Amino acid sequence: MKNGQFIGVKTTRIYCLPSCPARAPLPQNIVYFKTAAQAERHGFRPCKRCFPDFPYGKWIDEGASVFLMGPPEFDFLQCLKFLDRSPLEPCHCIEKGALFKLEKFEGEPVLLKIQCREPNTIRIDFLRYHPKKSIRAQVAKYVWHWFDLEPDLRPFYRMAGRDPVLKDVSRNLYGLRILTISDLFEAICWAIIGQQINLTFAYTLKKRLVEAFGEGIYFENRRYYLFPTPRTLAQLNVADLRALQFTWKKSEYIIELAQEMVTGELTKEKLLEHTEFETARKKLMQLHGIGRWTADYVSLRCLKDPAALPVADVGLQNAVRQQLGLSQKPTAEDMAGYSKGWTNWQAYACFYLWASLI
């Protein structure tokens, strides 16, 4: 891209690649941005002809299907194993090596079938109907970010191969990527649901919540669900969630969170405006029900903070105990010591250690 710049058009508030086939704007109406994210922070929308937020080269559009060209350090089956860790998961399902997922794009529910075409390549098929090109581009971008295909993991593997905690898991799980939760509301809700309960019951509560209040569609005798929206849950009262066996406090936290998001007081975009992830964590911890562990978890799974590390997480501590053959799980203080060499790869180290327990 010439000079690494994106072109923003002040009259339309749209930004493009320099190679965009659209009619060239007048010079006085042009502003330049170094990144797509910078353009969007200034209120510009991506062009639907050149797709500057997800340019060609990362994806191939064949109309009925889209293909993502992943990096060499990517193993779809490793990621699928993590996504398949509970049969109670209500927001996606896995059958015969294929991942089925319902998501909304431009207000339309789109049912996706995602599978491995060949090493490092993902094939996305559109079930029910073939969406327009702008939605296909958004789907490609969504799956690319869901599987965290952007980072170059070679430095992580070099570091992990020398680390006593990570050397075995990094070899055994080679190609695994952090499976992100792109929606901030869903990420925080899932973290709140999982507080101080085992994983099986957490999935049970999530399933009840999604099936009770999430939008769904039928396709070939199966119902697929979207996670409930903040607007839907903001209208509930505590008794509605208590009926699903949520605790009183968790019911309050989730409803209050939904109301914060409906008003626009809390958004993912506002959190990412902060140049320091620690500032975003502090903003999250101002919300009721969100302590350090929850803020770290959301930073790792949703905000993509490479240094996020919930040192007090019991699963993480048990994974370290298992890798080192310790007689008891390490403390949060011990975890800080073990992670000294993981600089800017703490999130990946944590995710690999979680996955080692499956």
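What follows is calculated from the coordinates using simple rules that are stated; it is not laboratory data. In this text the structure is predicted, and so the values were computed from the model without any measurement. So basically every Cβ, Gly included, is an ideal-geometry build from the backbone, and we count neighbours across all protein chains shown.
Counting only Cα atoms, I'd like the Rg/Rh figure for the stretch 1-115, Kirkwood definition for Rh.
Using Cα coordinates only, the ratio equals 1.08.
Could you give the size of the charge dipole of the stretch 195-344 about its Cα centre, using +1 on the Cβ of each K and R and -1 on the Cβ of each D and E, expressed in debye and rounded to the nearest 20?
Rounded to the nearest 20 debye, it is 380 debye.
Under a Cβ-only charge scheme (Lys and Arg +1, Asp and Glu -1), can you give me the dipole magnitude of the stretch 99-161 about the Cα centre, in debye to the nearest 20?
180 debye
Using the Karplus curve 6.51 cos²θ - 1.76 cosθ + 1.60 with θ = phi - 60°, what ³J(HN,Hα) values do you get for each residue of the stretch 305-320, in whole Hz, with x for Gly and Pro?
Once θ is set to phi - 60°, the couplings for the stretch 305-320 become 7, x, 9, 5, 8, x, 4, 8, 5, 5, x, 4, 5, 5, 5, 5 Hz.
Hey, of [x] 19.1, 58; [y] 21.1, 70; [z] 19.8, 64, which did the structure itself give for Rg and Dmax of the Cα atoms in Å when calculated?
Calculated Rg and Dmax of the Cα atoms in Å: the matching label is [y].
Report the full-extension gain for the segment Ala98 to Thr343: residue separation times 0.36 nm, less the Cα-Cα distance, to one decimal in nm.
Value of the extension gain: 84.7 nm.
Please report the relative contact order for the chain, taking Cα pairs under 8 Å with a sequence separation of at least 6, and give it as a percent rounded to a whole number.
13 percent
Strictly under 4.7 angstrom between C-beta atoms: which cysteines of the chain have no such partner?
Cys79, Cys91, Cys93, Cys116, Cys189, Cys302, Cys350
What is the sum of charges, Lys and Arg at +1 and Asp and Glu at -1, for the other residues whose Cβ falls under 12 Å from the Cβ of Ile197?
+2
Under a no-solvent Debye model with one identical scatterer per Cα of the stretch 2-46, what's log10 I(q)/I(0) at q = 0.25 Å⁻¹?
Debye curve over Cα of the stretch 2-46, log10 I(q)/I(0) at q = 0.25 Å⁻¹: -0.85.
Rounded to the nearest 500, what is the 222 nm mean residue ellipticity of the chain from helices alone, with -39500 (n - 2.57) per DSSP H run of 4+ residues and division by all residues?
Helix-only estimate at 222 nm: -11500 deg cm²/dmol.
If I take R0 = 45 Å and measure r between the Cβ atoms of Leu326 and Glu256 in this structure, what FRET efficiency does the formula 1/(1 + (r/R0)^6) give, to the nearest 0.05?
0.70
Among residues other than Ile60 whose Cβ falls under 11 Å from its Cβ, what is the net charge (Lys/Arg +1, Asp/Glu -1)?
Summing Lys/Arg as +1 and Asp/Glu as -1 gives +2.
Going by average Cβ neighbours within 10 Å, how do the peptides 172-182, 255-265 rank, with the highest at the top?
Order by mean packing, descending: 172-182, 255-265.
Is the stretch 188-318 rounded, prolate or oblate when judged by the Cα gyration tensor, a ≥ b ≥ c being the square roots of its eigenvalues, rounded requiring a/c under 1.5 and prolate requiring a/b larger than b/c?
Cα axes put the stretch 188-318 in the prolate bin.
Using 0.36 nm times the number of residues separating Ile358 and Lys249, minus their current alpha carbon distance, what extension gain do you get?
36.3 nm
Under 15 Å between C-alpha atoms is the cut-off here; go through the stretch 266-348 and count lysine pairs that meet it, provided they're at least eight residues apart or on different chains.
Taking the Cα cut-off of 15 Å, the pair count is 6.
Measure off 7 Å from each Cα along the Cα-to-Cβ vector at Arg13 and Lys113, then give the distance between these two points in nanometres to one decimal.
If labels sit at Arg13 and Lys113, their model points lie 4.0 nm apart.
Measure nothing but the geometry: give the 0 to 90° angle between the long axis through the Cα atoms of 292-301 and the longest principal axis through the Cα atoms of the chain, rounded to 10°.
40 degrees
Compute from the Cα atoms of the stretch 59-150 the Rg and the Dmax, the latter being the longest Cα-Cα distance, and quote both in angstrom.
Final numbers for Rg and Dmax: 12.6, 34 Å.
Using θ = phi - 60° and the Karplus form 6.51 cos²θ - 1.76 cosθ + 1.60, what ³J(HN,Hα) does each residue of the stretch 274-284 get, whole Hz, x for Gly and Pro?
Per-residue couplings from phi come out as 6, 6, 10, 5, 4, 5, 4, 4, 5, 4, 4 Hz.
List the relative contact order of the stretch 59-150 as a percent without decimals, with contacts defined as Cα pairs under 8 Å and 6+ residues apart.
32 percent
What are the ³J(HN,Hα) values, in whole Hz, obtained from phi via the Karplus relation 6.51 cos²θ - 1.76 cosθ + 1.60 with θ = phi - 60°, for each residue of the stretch 202-211 in sequence order, with x given for Gly and Pro?
Karplus-based 3J(HN,Hα) across the stretch 202-211 equals 4, 5, 4, 5, 4, 4, 5, 5, 5, 6 Hz.
If R0 is 25 Å, what FRET efficiency do you get for Ala312 and Gln286 from their C-beta distance, rounded to 0.05?
E(calc), rounded to 0.05, equals 0.80.
Can you order the peptides 246-252, 301-307, 22-28 by their average number of other Cβ atoms within 10 Å per residue, highest first?
301-307, 246-252, 22-28
Can you give me the distance in nm between label points at Thr200 and Leu127, each placed 7 Å from the Cα along the Cα-to-Cβ direction?
2.8 nm
Once amide H atoms are built 1.01 Å from N in the peptide plane, which residues 5 or more positions from Ile14, or in another chain, come under 5 Å H to H?
Close amide H contacts, sequence-distant or interchain: Val9, Arg45.
Take the residue pairs Lys207/Lys249; Lys96/Lys132; Lys104/Lys132; Lys81/Lys132; Lys113/Lys133; Lys104/Lys206 and return only those whose Cα atoms are more than 21 Å apart.
As for pairs spanning more than 21 Å Cα to Cα, those are Lys96/Lys132; Lys81/Lys132.
What size of dipole, in debye to the nearest 20, comes out for the chain about its Cα centre when the only charges are +1 on Lys and Arg C-beta atoms and -1 on Asp and Glu C-beta atoms?
That gives a dipole near 640 debye.
Of the options Pro306, Phe6, His145, report the single residue whose Cα projects farthest towards the positive end of the charge dipole of the chain (beta-carbon charges: Lys, Arg +1; Asp, Glu -1).
Phe6
What aspartates and glutamates does Lys101 reach when the alpha-carbon gap must be under 16 Å and sequence neighbours fewer than 8 apart in one chain are set aside?
Qualifying aspartates and glutamates at Cα under 16 Å: Asp84, Glu89, Asp125, Asp183, Glu186, Glu211, Glu215, Glu220.
Post the alpha-carbon centroid distance, the stretch 119-144 to the stretch 5-27, in whole angstrom.
25 Å
Treat each spin label as a single point 7 Å out from the Cα along the C-beta direction, and report the Ser182 to Thr263 distance in nm.
It is 2.9 nm.
Work out the charge dipole of the chain with +1 on the Cβ of Lys and Arg and -1 on the Cβ of Asp and Glu about the Cα centre, then indicate which of Gln196, Val165, Gly214 is farthest towards its positive end.
Of the listed residues, the answer is Gly214.
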